[in-house]
Amino acid sequence: MRSAPVHLPLTPPAILPVTLAAPDDFTGWRDAARALLAAAIPPDRIDWTVAGTGMADLFAVAQPLPAPVTTMAQPVPRALLHLLRHALLHRAPGRFALAYRTLWRLRERPRLHLDPADPDMIALAALAKSVRRDLHKMHAFVRFRKVGEADGRERFAAWFEPDHHIGRAVAGFFRNRFAGMDWLIVTPQVSIGWDGATLREGPGGTPADVPGGDAVEAEWRAYYASIFNPARVKVAMMKKEMPVRYWRNLPESALIPELIRRAETRVDAMVETVRSEADLFAPAEPGGRRFESLTALYAALAAEDTPPSPGFSSHVVPGEGLPSATILLVGEQPGEQEDKAGRPFVGPAGQVLDACLAEAGIDRASAFLTNAVKRFKFTSQGKRRLHATPNAGDIAHYRWWLAEEIRLVNPTIVVALGATALHALSGRKQALAPVRGDLLPWQDRRLLATVHPSYLLRLPDAQARDIERDRMVRDLRKALAAA
Ligand code: URA
């Protein structure tokens with residue numbers, strides 16, 4: 001989908017109409033914006049319309065530009081471009097004008113996009129946020145129904161009504177998630193389909209285009225009942241997260257009243273489990289030794305520790321941060337770069353973590369960062385050292401040191417980054433998803449588990465990465481609020 005090239009009148013009319021091919025035509029908008037900026041056409045002279053929704057384009061007096069414009073004279077900062085990609089999927093009619101005005105103003109104020117108080121930036125951020133929320137809802141609440149079989153492959157269809165123009169934007173996410181089946185998602189604006197090889201798009205439709213009720217719904221119900229987390233039951237919150245208008249499309253919604261009724265009993269049982277697991281996390285070091293300071297602890301760790309299994313670096317990496325931090329974050333183990341620098345979270349995962357912390361309003365220097373396992377474990381491939389996952393014995397070996405660090409820092413909340421950290425803190429291997437983002441009572445503190453930043457780096461799909469990154473920032477904000 002490409003828009004027709006923008007033709008600019010030699011003597012521009014008072015208002016210049018620019019017509020985009022579709023409401024989500026980011027490429028068309030970007031190409032037009034380049035040409036318009038190069039020709040120094042101010043924002044108040046442009047009327048942005050979408051083909052099929054306005055008449056303005058009929059009156060354009062077309063003259064080709066003297067030369068095609070392929071890049072912006074002034075590069076657009078990546079962070080702003082990223083924001084615009086989401087903001088322009090919003091259904092607000094003024095979004096294209098707002099985005100162009102921002103680029104126009106950027107010529108005079110190159111750091112405009114970094115000003116959180118600027119009204120245009122506030123408006124763009126609000127549009128992008130609303131679109132990201134819509135993307136998240138669509139990823140989470142599309143429910144497929146089996147509609148038949150063809151050439152030995154099962155076919156599924158789903159109806160969904162997003163708030164914004166995200167129908168095409170989610171296609172990659174669903175292709176990656178459901179690559180093995182044929183599916184069709186119908187929305188009011190567009191339908192997208194996958195046949196195992198090609199993504200296709202067609203016109204929008206109605207709920208009547210998707211036949212109702214089937215065996216897959218029974219599977220969804222069983223699955224939902226099994227992952228239902230009673231500790232999370234807050235009806236107002238549920239309605240916010242899963243707005244009631246989506247409920248009618250969700251086979252599992254019929255289960256909700258009964259699950260809520262049973263929730264109280266199950267919560268009691270869960271709190272009991274967390275408490276008894278917390279007791280596990282008081283392993284007395286042989287000899288009952290306690291350190292007076294983190295400096296003394298790390299000196300002893302460096303001097304006394306022998307690696308618990310083969311494949312570890314020759315030296316340990318201590319934690320770092322404010323010794324009296326109220327938030328302590330636990331990672332898995334130092335990576336290659338951390339091993340070289342002797343500091344936690346300084347490599348690629350550290351950069352992702354830094355950005356998420358900053359977005360959540362947490363100053364890295366006023367938190368404390370450490371790892372469940374204190375040495376880099378790796379396998380060699382030529383000169384390269386590749387990360388190797390620590391095993392249960394490795395995690396157990398360093399648990400006492402981690403416990404001692406937490407006792408000395410004495411944080412209000414401990415954040416487990418990923419499954420290894422959760423394993424170390426809870427004393428047993430367990431899935432992260434059921435407790436992710438929950439504030440759990442843990443010893444006399446709180447524990448919140450979220451994903452490891454390297455998980456975000458490994459996600460192949462940009463959309464999924466954005467969604468997961470937003471979730472991680474939300475989790476960290478929750479930790480900050482609890483601290
Ligand atoms: N991953 C971790 O878990 N810890 C680090 O320090 C770096 C990467």
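Conditions first: (1) under 28 Å from the mean Cα position of the chain (by Cα); (2) open to solvent by less than 10 Å² (accessible area, probe 1.4 Å). GLY361 passes all but one, so which condition is the exception?
(2)
Taking only the stretch 410-428 into account, find how many residues are touching a residue at least 40 places away in the same chain (Cβ under 8 Å) and within 16 Å of the ligand (Cβ to nearest atom).
Residues in the stretch 410-428 being touching a residue at least 40 places away in the same chain (Cβ under 8 Å) and within 16 Å of the ligand (Cβ to nearest atom): 10 in total.
What is the residue count in the stretch 377-403 for residues that are among the hydroxyl-bearing types (Ser, Thr, Tyr) and closer than 16 Å to ARG428 by Cβ?
Pass one, the stretch 377-403, residues among the hydroxyl-bearing types (Ser, Thr, Tyr): 379-380, 389, 398.
Going one step further and asking which of them are closer than 16 Å to ARG428 by Cβ, we end up with 398.
Qualifying residue count for the region: 1.
Suppose we filter SER314, SER309 for residues that are open to solvent by 30 Å² or more (accessible area, probe 1.4 Å) and more than 14 Å from the ligand (Cβ to nearest atom); which single one remains? Let's see the steps before the verdict.
Details: SER309 fails: open to solvent by 30 Å² or more (accessible area, probe 1.4 Å).
Within the list SER314, SER309, the selection yields SER314.
Take the stretch 397-412 and flag every residue that is open to solvent by 60 Å² or more (accessible area, probe 1.4 Å) and on the phi < 0 side of the Ramachandran plot. Talk me through it step by step, then tell me what you get.
Taking the stretch 397-412 and keeping what is open to solvent by 60 Å² or more (accessible area, probe 1.4 Å), we get 397, 407, 410.
Matches in the stretch 397-412: HIS397, ARG407.
Answer yes if at least one residue in the stretch 392-400 is away from the ligand (no atom under 11 Å from the Cβ) and not in a helix (DSSP H, G or I), and no otherwise. Don't jump to the end; show me each part of the working.
Here is the first cut: in the stretch 392-400, the residues away from the ligand (no atom under 11 Å from the Cβ) are 392-400.
Restricting the remaining residues to those that are not in a helix (DSSP H, G or I) gives none.
Scanning the stretch 392-400, I find no residue that is away from the ligand (no atom under 11 Å from the Cβ) and not in a helix (DSSP H, G or I), so the answer is no.
ILE362 passes all but one of (1) part of a helix (DSSP H, G or I); (2) more than 10 Å from the ligand (Cβ to nearest atom); which number fails?
For ILE362, the failing item is (1).
Restricting the first residue to the stretch 341-352 and requiring it to be under 13 Å from HIS452 (Cβ atoms) and modelled with pLDDT under 95, which pairs with a second residue that is open to solvent by 60 Å² or more (accessible area, probe 1.4 Å) and more than 8 Å from the ligand (Cβ to nearest atom) meet a Cβ separation below 7 Å and a spacing of at least six or different chains?
Sorted first by the residue in the stretch 341-352, then by its partner, the list stays empty.
Please verify whether the stretch 269-289 includes one or more residues that are modelled with pLDDT of 95 or more and in a helix (DSSP H, G or I).
First, pick out the residues of the stretch 269-289 that are modelled with pLDDT of 95 or more: none.
No: the stretch 269-289 contains no residue that is modelled with pLDDT of 95 or more and in a helix (DSSP H, G or I).
Tell me whether the stretch 328-346 contains one or more residues that are away from the ligand (no atom under 14 Å from the Cβ) and not acidic (Asp, Glu).
Scanning the stretch 328-346 turns up no residue that is away from the ligand (no atom under 14 Å from the Cβ) and not acidic (Asp, Glu).
Mind listing whichever residues of the stretch 365-385 are open to solvent by 50 Å² or more (accessible area, probe 1.4 Å) and within 26 Å of the chain's Cα centre (by Cα)?
Narrowing the stretch 365-385 to residues open to solvent by 50 Å² or more (accessible area, probe 1.4 Å): 365-366, 379-385.
ALA365, SER366 - these are the residues of the stretch 365-385 that are open to solvent by 50 Å² or more (accessible area, probe 1.4 Å) and within 26 Å of the chain's Cα centre (by Cα).
For ASP444, work out the one condition from (1) over 22 Å from VAL316 (Cβ atoms); (2) within 27 Å of the chain's Cα centre (by Cα) it doesn't fulfil.
Of everything listed in (1) over 22 Å from VAL316 (Cβ atoms); (2) within 27 Å of the chain's Cα centre (by Cα), ASP444 misses just condition (2).
State all residues of the stretch 40-56 that are open to solvent by 40 Å² or more (accessible area, probe 1.4 Å) and either under 18 Å from ARG105 (Cα atoms) or modelled with pLDDT of 90 or more (or both); if no residue qualifies, say none.
At the first step, the residues of the stretch 40-56 found to be open to solvent by 40 Å² or more (accessible area, probe 1.4 Å) are 40, 44-45, 47, 51-53, 55.
Hits for the stretch 40-56 are ALA40, ASP44, ARG45, ASP47.
Kindly evaluate LEU432 against the criterion of being without any contact (Cβ under 8 Å) to a residue 24 or more places away in the chain and within 25 Å of the chain's Cα centre (by Cα). Break it down stepwise before answering.
Values: without any contact (Cβ under 8 Å) to a residue 24 or more places away in the chain: yes; within 25 Å of the chain's Cα centre (by Cα): yes.
So LEU432 fits the description; yes.
Where the second residue is at pLDDT 95 or above and surrounded by 20 or more Cβ atoms within 10 Å (Cβ to Cβ) and the first is within 16 Å of PRO93 (Cα to Cα) and charged (D, E, K, R) and lies in the stretch 112-139, which pairs have Cβ atoms under 6 Å and are six or more apart or on separate chains?
The qualifying pairs are ASP120/THR102.
Of the conditions (1) away from the ligand (no atom under 14 Å from the Cβ); (2) modelled with pLDDT of 95 or more, THR370 fails just one. Which one is it?
THR370 satisfies every listed condition except (1).
The values are calculated or read from the model by the stated rules, or taken from the named source; none is laboratory data. Quick caveat, the model's predicted, so the values are computed rather than measured. Note that we place each Cβ from the backbone using ideal geometry, even for glycine, and neighbour counts take in every protein chain shown. When the accessible area is computed, the model is the full protein with side chains, heavy atoms only, and any ligands, DNA or RNA have been set aside. Shrake-Rupley method; radii C 1.70, N 1.55, O 1.52, S 1.80 Å.
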